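Reviewing the structure listed below.
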Amino acid sequence: MTQTTNGGQHQLLGLYDSPFVRRVAVSMTHYGIPFEHVSLSVFRHMDAMRPLNPLFKVPMLMLPNGERLYESAYLLDYLDELAVERGISPLTPRSGADRRQVQQLMALAMVGTEKAVAIEYERKRPAELQWPDWTSRLRAQMRQAFAMLEERLDGDFLFAGRLTQADISAAAGIGFIRYVLPHEWPAGSYPALEHLAARLEASEAFKAVPIEE
């Protein structure tokens with residue numbers, strides 16, 4: 001689409017209790033990209049969601065020209081392009097070994113987060129339909145992913161001593177687990193990651209995107 005349909009401003013669809021929506025919103029705030037937050041749930045607001053996003057998939061980012069983007073990883077890549085155009089250092093390097101390393105750290109953060117989300121979905125099933133062995137497998141994968149991140153965290157950030165998307169994604173995932181599944185994040189299990197998450201949650205970009213909606 002080329003016609004402007006939303007007043008020339010980006011629109012981000014989805015609730016901040018989704019770690020995928022939240023990492024996009026934090027990144028936009030970090031870059032200083034104005035956006036309208038369309039706070040709709042894919043479960044509770046289906047009638048309002050349908051005309052905007054018939055896929056019921058969040059996050060969805062509507063560009064000022066009306067184009068719709070899906071999947072948080074692709075949204076973040078688009079935002080990095082905007083950052084470069086504005087002379088801002090992107091949260092994910094654009095090429096080379098640095099890009100691969102940051103992407104792999106992001107992958108670990110997303111594996112841990114996705115497994116936590118799967119645990120939450122399993123927990124919502126009727127008790128007689130829940131599969132304890134499956135939940136145990138998800139928990140083991142989640143904990144392994146965060147343990148691998150914990151090993152990589154040496155200093156204030158996960159890569160090269162500076163903030164990258166790996167840090168934002170990890171903190172967003174940890175925030176989700178602590179908010180929705182606190183029993184799945186025993187205090188003191190990952191002290192370095194907990195310190196990272198606490199620092200980022202205290203930053204202006206994260207405080208502008210509170211998980212409690």
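The values are calculated or read from the model by the stated rules, or taken from the named source; none is laboratory data. As the structure is a computational prediction, the values presented were derived from the model and not from experiment. Backbone-built Cβ (ideal geometry, glycine too); neighbour counts: all protein chains shown. Surface accessibility is based on the protein's heavy atoms, side chains included, excluding ligands, DNA and RNA. Shrake-Rupley method; radii C 1.70, N 1.55, O 1.52, S 1.80 Å.
Observations, loosely collected:
- When THR92 is tested against the conditions (1) of a type outside the set (Gly, Ala, Ser); (2) over 24 Å from ASP154 (Cβ atoms); (3) touching a residue at least 24 places away in the same chain (Cβ under 8 Å), the lone failure is (2).
- Checking each residue in region 180-213 for being surrounded by fewer than 16 Cβ atoms within 10 Å (Cβ to Cβ), at pLDDT below 95 and under 20 Å from GLY14 (Cα atoms) picks out GLU212, GLU213.
- Some residue of region 48-60 being in a helix (DSSP H, G or I) and not polar (S, T, N, Q): yes
- Counted residues, region 13-37 - those being open to solvent by 30 Å² or more (accessible area, probe 1.4 Å) and not in a loop (DSSP other than H, G, I, E, B): 6
- Selection from region 136-174 of residues that are within 22 Å of HIS30 (Cα to Cα) and of a type in the set (Lys, Arg): ARG162
- Unmet criterion (only one of (1) of a type outside the set (D, E, K, R); (2) buried (at least 20 other Cβ atoms within 10 Å of the Cβ); (3) in a loop (DSSP other than H, G, I, E, B)) for THR113: (3)
Okay, residues lined up against (1) at positive phi; (2) touching a Ser or Thr at 6+ places or on another chain (Cβ under 7 Å):
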position: VAL58; (1), (2): no, yes
position: ASN65; (1), (2): no, yes
position: ARG68; (1), (2): no, no
position: GLU71; (1), (2): yes, no
position: LEU75; (1), (2): no, no
position: ASP80; (1), (2): no, yes
position: SER89; (1), (2): no, no
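- Taking the criterion of being of a type outside the set (Lys, Arg), open to solvent by less than 80 Å² (accessible area, probe 1.4 Å) and at pLDDT 95 or above, the residues of region 127-147 that qualify are THR135, SER136, LEU138, ALA140, GLN141, MET142, ALA145, PHE146, ALA147.
- Pairs, first under 18 Å from GLY175 (Cα atoms) in region 116-132, second of a type in the set (Phe, Trp, Tyr), C-beta under 7 Å, six or more apart: ALA116/PHE176
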